[in-house]
Amino acid sequence: MINKKPWAGRFKKGTHKVAEKFSASIDFDKRLYREDIEGSIAHAGMMAENGIIPKNEAEKIIKGLRQIEKEIESGKFPFREEYEDIHLNIEKRLIEKIGEVGGKIHTGRSRNDQIALDMRLYLRREISEIIELLGQTSERIIDLAEKNFGTVLPLYTHMQRGQPVLLSHQLLALYEMLRRDRERYIDCLGRVNVMPLGAGAGAGTTFPIDRQHTASLLGFPKVTRNSIDTVSDRDFIIEFISVSANLMMHLSRISEELVLWSTKEFGFVDLGDEFTTGSSIMPQKRNPDMAELIRGKTGRVYGDLMAILTIMKGLPFSYNRDMQEDKEPMFDAADTVKSCLAVFHEMLHTIEFKKDNMAKALAEGFITATDIADYLTRTGMPFRQAHEVTGKIVGYAEEKGRELINLHITEYRMFSKTFDEDLFDYITLEGSVGNRKSYGGTAGENVERMISEARQEIEEWKEWGQGSQPPGK
Ligand code: ARG
């Protein structure tokens with residue numbers, strides 16, 4: 001019977017149609033066909049090398065697998081729900097094509113270690129792509145920081161105007177977030193990049209397989225160490241989604257800032273027609289939908305993380321069918337992160353900063369009050385007292401409807417005799433920004449140095465990206 005299930009030896013009755021539909025994963029795990037075939041080819045090669053199957057049979061198997069890959073790619077492959085998943089679909093097709101010898105591919109292997117391999121191969125690729133996208137986006141941010149060097153805007157805390165900072169400094173803050181995300185992905189990749197095949201169903205195998213050989217054929221620097229853990233472990237997926245959730249949280253916050261900044265109320269950025277949309281009723285509208293969607297899609301990835309954590313929570317060792325539910329969150333997280341990064345990166349190309357509005361926002365709100373307190377503190381007054389005195393000055397200016405820079409020195413002296421004409425060097429925007437020279441602060445010289453450090457890091461990332469892999473962990 002051609003469509004008999006490969007495991008049906010001991011069964012008297014076939015699977016109920018409802019159960020078959022319910023348990024089939026082929027609809028979504030067919031995405032792993034490349035990895036499945038790549039893994040099988042390495043497994044066949046390793047078996048031939050170690051005399052487990054004859055060389056000519058391995059060649060037949062490998063040839064058949066390559067044909068199957070082409071069939072899938074050209075859309076001609078007959079995917080069948082009754083064969084459950086990608087592994088059995090390919091194995092069945094292999095036997096159809098090259099005869100019973102095709103059944104030898106599953107020697108010394110189980111779907112339990114096979115699926116672990118497929119997902120590790122898949123994630124390895126995805127993570128490398130994400131790291132590359134992160135690199136491009138980071139580079140774009142540094143370009144913007146360089147291009148807009150010198151522009152000052154208010155730094156908000158509690159959404160209230162706080163202190164003047166360089167726009168480039170704020171952009172570098174985004175860079176720092178993405179840099180940490182990149183590090184997390186690389187760290188995670190180290191644990192993804194470990195070869196699981198050979199664990200069999202969970203106890204290992206009686207065949208003289210050479211796991212190191214399979215690993216080197218597939219470019220894995222290491223093999224997993226415990227067969228039970230190997231088929232039980234989905235930490236590498238949890239980690240991937242968790243790192244992705246963190247990145248999405250960052251993209252969401254940046255998007256939120258862009259949404260705010262593009263309002264009439266702020267008016268700090270223009271997002272470009274290509275990345276905004278109109279309203280079907282209000283003709284004047286220009287909505288920041290892409291930024292909003294990135295913010296919204298963050299929720300999906302958090303959901304993916306909750307899903308996988310919950311799936312794994314109560315599972316006894318080792319493989320349980322629940323684990324089939326790991327794939328959709330994994331795919332969804334990877335797809336979402338990649339699409340968000342791609343849109344975000346392109347959107348950054350169209351962004352325009354509205355410097356006039358930034359300047360307007362700086363002109364009101366006593367933005368350099370901290371610099372007055374710092375001034376007094378430098379004359380020997382305890383900071384707490386200086387804060388109090390400055391508070392009174394702000395109150396006075398507010399009452400008079402004037403800004404700090406417009407008060408006369410005699411007015412300042414009403415509050416403290418220590419004020420001198422040089423006060424005005426400190427409370428201009430340039431003075432305020434330029435004096436924040438502490439390491440990591442917003443002074444121009446710091447920011448310039450950080451831009452060039454970031455550039456150098458990005459160049460190193462590019463070199464790293466060229467096919468290099470972190471060591472397996
Ligand atoms: N489709 C299965 C999964 O994704 C592959 C492993 C199944 N193993 C098993 N013994 N049913 O988890």
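Compute for the chain: radius of gyration divided by Kirkwood radius, i.e. Rg/Rh, restricted to C-alpha atoms, rounded to two decimals.
Numbers: Rg = 30.4 Å, Rh = 26.5 Å.
Result: Rg/Rh = 1.15.
Report Thr377's accessible area, 1.4 Å probe, all protein chains in place, as a number in Å² to the nearest 10.
Here the residue's solvent-accessible area equals roughly 50 Å².
Just how large is the dipole of region 1-109 about the Cα centre, in debye to the nearest 20, putting +1 at every Lys and Arg Cβ and -1 at every Asp and Glu Cβ? The partial results should precede the final answer.
On the way: 22 positive and 19 negative charges, 90 e Å.
Dipole size: approximately 440 debye.
With every protein chain present, what is the per residue accessible area of the chain (1.4 Å probe, Å²)?
Working: 23020 Å² over 473 residues.
It amounts to 49 Å² per residue over the chain.
Relative contact order of the chain, please, whole-number percent, based on alpha carbon pairs below 8 angstrom and at least 6 residues apart.
Details: 613 pairs, mean separation 79.6, N = 473.
For the chain, the relative contact order is 17 percent.
Please list, in chain and number order, the residues 5+ apart from Thr277 or on another chain whose amide H is under 5 Å from its amide H, with Hs placed from the backbone.
Asn287, Asp289
Which of the pairs Lys21/Lys327; Lys400/Lys437; Lys55/Lys97; Lys297/Lys462; Lys264/Lys355; Lys4/Lys30 have their Cα atoms more than 24 Å apart in this structure?
Working: Lys21/Lys327 17 Å; Lys400/Lys437 33 Å; Lys55/Lys97 18 Å; Lys297/Lys462 28 Å; Lys264/Lys355 14 Å; Lys4/Lys30 20 Å.
Distance filter (> 24 Å) returns Lys400/Lys437; Lys297/Lys462.
Set Lys and Arg Cβ to +1 and Asp and Glu Cβ to -1, take the dipole of the chain about its Cα centre, and tell me which of His106, Leu123, Phe424 lies farthest positive.
Looking along the dipole axis, the top candidate is His106.
Taking Cα pairs under 8 Å and at least six residues apart, what relative contact order does region 160-241 come out at, in percent?
Numbers: 54 pairs, mean separation 25.4, N = 82.
Relative contact order, region 160-241: 31 percent.
Under the rule of -39500 (n - 2.57) per DSSP H run of 4 or more residues, summed and divided by the residues of the chain, what mean residue ellipticity at 222 nm is obtained, to the nearest 500 deg cm²/dmol?
Details: 19 runs with 286 residues, N = 473.
Theoretical 222 nm ellipticity from helices: -20000 deg cm²/dmol.
Measure off 7 Å from each Cα along the Cα-to-Cβ vector at Phe207 and Asp335, then give the distance between these two points in nanometres to one decimal.
3.4
Roughly how tilted is helix 167-192, in degrees to the nearest 10 and between 0 and 90, from the longest Cα axis of the chain?
20
Over what distance in Å are the Cα centres of region 345-419 and region 1-30 separated?
Rounded to whole Å, the Cα centres lie 73 Å apart.
Probe 1.4 Å, all protein chains in place: accessible area of Arg295 in Å², nearest 10?
80
Of Val433, Gly296, Ser262, which is farthest towards the positive pole of the chain's charge dipole, taken about the Cα centre with +1 and -1 on the beta-carbons of Lys, Arg and Asp, Glu respectively?
With unit charges placed on the Cβ atoms, the residue in question is Gly296.
Of the accessible area of the chain, with the probe set at 1.4 angstrom, what percent is carbon plus sulfur? Provide the component values of the computation, followed by the final result.
Working: 12040 of 23020 Å².
Answer for the chain is 52 percent, counting heavy atoms of protein chains only.
What nm distance separates the two modelled labels at Thr350 and Glu398, each placed 7 Å from Cα along Cα→Cβ?
In this crude spin-label approximation the distance works out to 4.1 nm.
For Lys285, list the aspartates and glutamates whose Cα falls under 12 Å from its own Cα; do not include residues on the same chain fewer than 8 positions away.
The qualifying aspartates and glutamates are Asp273.
Taking amide hydrogens as modeled 1.01 Å from N in the peptide plane, which residues meet the under 5 Å criterion relative to Leu155, leaving out close sequence neighbours?
Excluding prolines and chain starts, which carry no amide H, the hits are Gly162, Gln163, Val165.
Sequence gap at least 6, Cα distance under 8 Å: using those rules, report the relative contact order of region 314-418 to the nearest whole percent. Intermediate results must be reported in sequence, preceding the final value.
On the way: 35 pairs, mean separation 21.3, N = 105.
Relative contact order of region 314-418: 20 percent.
Quick check for me: using +1 on Lys/Arg Cβ and -1 on Asp/Glu Cβ, what's the dipole size of the chain about its Cα centre, in debye to the nearest 20? Write down the numbers at each step before the final one.
Working: 65 positive and 74 negative charges, 396 e Å.
The calculated dipole for the chain is roughly 1900 debye.
The values are calculated or read from the model by the stated rules, or taken from the named source; none is laboratory data. For clarity, every value in this text was computed on a predicted model and none was experimentally measured. Positions of Cβ are backbone-derived with ideal geometry, glycine not excepted, and every protein chain shown enters the neighbour counts. Note: areas computed on protein heavy atoms with side chains; ligands, DNA, RNA excluded. Shrake-Rupley method; radii C 1.70, N 1.55, O 1.52, S 1.80 Å.
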